[in-house]
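All remarks here apply to the structure that follows.
The values are calculated or read from the model by the stated rules, or taken from the named source; none is laboratory data. Remember, predicted model here, so these are calculated numbers, not experimental data. Quick reminder, even Gly has a Cβ in these numbers, built from the backbone with ideal geometry, and neighbours come from all protein chains shown. Just the protein is used for accessible areas: all its heavy atoms, side chains included, with ligands, DNA and RNA removed. Shrake-Rupley method; radii C 1.70, N 1.55, O 1.52, S 1.80 Å.
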Amino acid sequence: ASRVMVASRNYADFASEATFEIKKCDLHRLEEGPSTTAVMTREEGLHYYKTMQTIRCMELKSDQLYKQKIIRGFCHLYDGQEACCVGLEVAIKPTDHVITAYRAHGFTYARGVPVREILAELTGRKGGCVKGKGGSMHMYTKNFYGGNGIVGAQVPLGAGIALACKYFGKNEVCLTLYGDGAANQGQIFETYNLAALWKLPCIFICENNRYGMGTSVERAAASTDYYKRGDFIPGLRVDGMDVLCVREATKFAVEHCRAGKGPILMELQTYRYHGHSMSDPGISYRTREEIQEVRSKSDPITLLKDRMVNNNLASIEELKEIDVAVRKEIEEAAQFATTDPEPPLEELGNNIYFNEPPFEVRGPNQWIRYKSVS
């Protein structure tokens with residue numbers, strides 16, 4: 001009881017909010033950009049910190065489970081890029097829409113899916129968020145249209161979601177994400193064109209983590225100014241390692257779309273610590289020193305932590321308590337993900353269509369039949 005009293009007295013000494021100078025965004029076809037100052041409350045800071053730390057620990061646990069051959073197949077980790085998905089999510093409403101590429105675990109968690117369901121999906125278990133059938137690249141929840149395995153193919157889908165928002169008269173936006181590796185796909189430029197013509201409430205977001213698979217942006221693109229690639233679509237280049245920069249830029253972009261001004265493009269300059277996927281050690285095309293330099297100078301969690309401590313929004317001890325609680329949650333989720341049963345084979349054909357009467361589906365050969373249930 002005395003410990004609780006001491007803690008509550010200490011917490012009362014913290015500042016309720018603080019104002020921070022943030023990096024100015026580069027602008028394309030915009031006279032004004034997002035604010036260069038950001039106010040963050042203590043509660044917001046603690047929420048951002050816990051969310052980013054959870055995503056970081058979840059991805060490190062995924063790395064471990066993959067190396068133990070408990071997770072199989074494709075697995076693309078998000079550690080290093082946590083400020084992107086968290087900054088985006090806190091600037092939109094739950095009724096807004098998000099679609100991304102296959103590096104999707106962080107977005108799945110930010111959109112509200114529990115860690116245990118994400119890890120169980122990675123291990124192919126019944127308790128996974130899509131019942132063990134999607135794996136790393138195909139996770140979904142309400143208003144989140146998943147990771148998508150075909151490079152760049154989610155971009156026209158995102159414009160379609162934005163078209164639905166406009167068609168049904170909903171004051172909603174769709175965040176449509178892709179990586180620098182997908183940015184040269186022709187379908188993306190076709191989508192820009194339609195989105196601009198129809199003034200769709202679509203925020204195109206290029207997560208530029210500097211490498212498409214093993215190819216640096218300089219070797220892959222004649223122009224690395226991805227925020228200008230929409231040509232006639234306004235654009236912003238944002239520090240994607242700073243959760244406050246991402247938040248403020250997203251608020252600006254959302255306001256642009258909700259005002260009926262059509263699409264806007266954001267380039268988030270970020271970095272991934274792991275390789276492209278678990279089959280990529282990530283050090284054949286970049287050095288360990290480069291990765292370590294980013295970790296030491298630009299880590300999104302460390303940046304937020306230093307801001308909070310230096311501005312009396314939290315103490316190091318309080319943040320350490322969050323770290324301990326997060327690690328405990330991840331371990332419990334991993335325990336569930338390794339003991340939950342796999343889905344039974346007879347469910348293989350289920351959930352092909354929504355709200356349809358049951359029908360038969362052919363199995364691996366013409367003599368095997370499965371019943372599909374919505």
The percentage of the accessible area of the chain (probe 1.4 Å, all protein chains present) made up of carbon and sulfur atoms, to the nearest whole number, is 52 percent
Solvent accessible area, Å² - residue 213, 1.4 Å probe, full protein context: 120 Å²
The chain: relative contact order from alpha carbon pairs under 8 Å, six or more residues apart, as a whole percent, is 21 percent
Magnitude of the charge dipole, the range 150-250, Cβ model with Lys/Arg +1 and Asp/Glu -1, debye to 20: 220 debye
Using alpha-carbon pairs under 8 Å, 6+ residues apart, how would you state the relative contact order of the range 272-374 in percent? 15 percent
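Using 0.36 nm times the number of residues separating residue 317 and residue 187, minus their current alpha carbon distance, what extension gain do you get? The partial results should precede the final answer.
Details: separation 130, 0.36 × 130 = 46.80 nm, distance 4.92 nm.
Net length gain for the segment: 41.9 nm.
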For residue 261, go through the aspartates and glutamates and keep the ones whose alpha-carbon is under 20 Å away, minus same-chain ones fewer than eight residues off. 26, 31, 32, 96, 172, 190, 231, 248
Compute the FRET efficiency between residue 348 and residue 69 as 1/(1 + (r/R0)^6), taking r as their Cβ-Cβ distance and R0 = 30 Å, and round to the nearest 0.05. 0.85
Over its Cα atoms, what ratio of radius of gyration to 2.2 N^0.38 Å does the chain give? 1.02
At the level of C-alpha centres, the distance separating the range 261-290 and the range 164-202, in angstrom, is 22 Å
Over the chain, with a Gaussian network built from C-alpha contacts below 10 Å, which listed residue (191, 287, 95) shows the highest mean-square fluctuation? 287
Among all stretches of the chain without exposed trypsin sites (Lys or Arg not before Pro) (DSSP loop, at most 11 other Cβ atoms within 10 Å), which one is longest? 143-374
Stokes-Einstein D for the range 233-294 (4 °C, 1.567 mPa s, Kirkwood Rh from Cα pairs), in µm²/s, comes to 94 µm²/s
Looking only at aspartates and glutamates whose Cα falls under 15 Å of residue 371's and that sit 8 or more positions away or on another chain, we get 346, 347, 356, 360
If R₀ is 56 angstrom, what is the calculated FRET efficiency for the pair residue 23 and residue 367, using the beta carbon separation as r and rounding to 0.05? 0.35
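If the only charges are +1 at each Lys and Arg Cβ and -1 at each Asp and Glu Cβ, what is the size of the charge dipole of the range 281-364 around the Cα centre, to the nearest 20 debye?
For this selection, approximately 540 debye.
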Taking loop as defined by DSSP and a crowding limit of 16 other beta carbons within 10 Å, which chymotrypsin sites (Phe, Trp or Tyr not before Pro) in the range 308-374 fit? 353, 354, 367
Residues of the chain: accessible area per residue with a 1.4 Å probe, Å²: 48 Å²
Got a sec? Which residues in the range 83-115 would a label at residue 194 touch, if it sits 7 Å along Cα→Cβ and we count backbone N under 19 Å? 97-101
Could you state the principal axis extents of the C-alpha atoms in the range 179-248, from the largest down, to the nearest angstrom? 35, 31, 16
